[in-house]
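The values are calculated or read from the model by the stated rules, or taken from the named source; none is laboratory data. Just so you know, these numbers come straight off a predicted model, no measurement behind them. Every residue, glycine as well, gets a Cβ built from its backbone with ideal geometry; the counts of neighbours run over all protein chains shown.
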Amino acid sequence: MLKKSLVGLFAAALLACSAFAQDHPNFAGTWKLNLAKSNPGDYGPSARTDEITQDGSKFTDKVTSSTQMGDSNYTLAFTADGNKVKIAADSPQAQMGMLTLEDITASWDGASLVVASDGNFQGQMEIASKNTYTLSADGKTLTIASHVGTSMGDFDTVLVFDKQ
């Protein structure tokens, strides 16, 4: 009887584990900002294109962006493993326009990719951001919801992209 109970518990545990295991969406592609569907806030981009490559949990996001403060091009490289990675100040990845990236952490939250980072704006103000990437069911729309915290207050933005 005990043996049957243990086998039953083991089978139930395997089923529960497989229910929690999820395939993560593939964000790879070229994504163009749909400004009409976005809420970029006062200082967000007026145009932006993201070229995302994904190899398992490794990501590269090559960003070309235009804002009222000018144009910027930068590349983010990260692994969705939950580990915080320090970025050297002289690293090409550290420079994101007027923002200097200090560290980055990426992890999965269900089907969403959460990328948190700390940095500073022109060495004068610390900035913490949390960007949540979600993909529509048909894989044609990418949404990046951002929460940014600064010493001058917090703000939220939503950028909606169409796959090219």
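Summary of values
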read-out	value
Flag if residue 136 is without any contact (Cβ under 8 Å) to a residue 12 or more places away in the chain and out of contact with any helix residue (DSSP H, G or I) (no Cβ under 9 Å at 6 or more places or on another chain)	yes
Pairs, first modelled with pLDDT under 95 in the stretch 21-42, second surrounded by fewer than 12 Cβ atoms within 10 Å (Cβ to Cβ), C-beta under 8 Å, six or more apart	22/110; 41/156
2 or more residues among the β-branched types (Val, Ile, Thr): qualifying strands (runs of 3 or more DSSP E) within the stretch 23-73	47-55, 58-67
Single unsatisfied condition, residue 139 versus (1) outside any strand (DSSP E or B); (2) modelled with pLDDT of 95 or more; (3) within 17 Å of residue 96 (Cα to Cα)	(3)
Residue list for the stretch 151-164, restricted to those being polar (S, T, N, Q) and modelled with pLDDT under 95	151
Cβ-Cβ under 7 Å pairs, at least 6 apart or on other chains, the stretch 79-96 side small (Gly, Ala, Ser) and modelled with pLDDT of 85 or more, far side part of a loop (DSSP other than H, G, I, E, B) and loosely packed, with under 11 Cβ neighbours inside 10 Å	94/88
Residue list for the stretch 69-112, filter: among the acidic types (Asp, Glu), surrounded by fewer than 17 Cβ atoms within 10 Å (Cβ to Cβ) and under 17 Å from the mean Cα position of the chain (by Cα)	81, 103, 109
Any hit, the stretch 119-126, residues being part of a strand (DSSP E or B) and crowded, with 18+ Cβ neighbours inside 10 Å	yes
Failed item, numbered, when residue 133 is tested on (1) out of contact with any Leu (no Cβ under 6 Å at 6 or more places or on another chain); (2) among the aromatic types (Phe, Trp, Tyr); (3) surrounded by 17 or more Cβ atoms within 10 Å (Cβ to Cβ)	(1)
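Listed here are the residues, each with its yes/no results for (1) touching an Asp or Glu at 6+ places or on another chain (Cβ under 8 Å); (2) of a type in the set (Ser, Thr, Tyr); (3) under 18 Å from residue 145 (Cα atoms).
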position: 37; (1), (2), (3): no, no, yes
position: 57; (1), (2), (3): yes, yes, no
position: 61; (1), (2), (3): yes, no, yes
position: 84; (1), (2), (3): yes, no, no
position: 93; (1), (2), (3): no, no, no
position: 121; (1), (2), (3): no, no, no
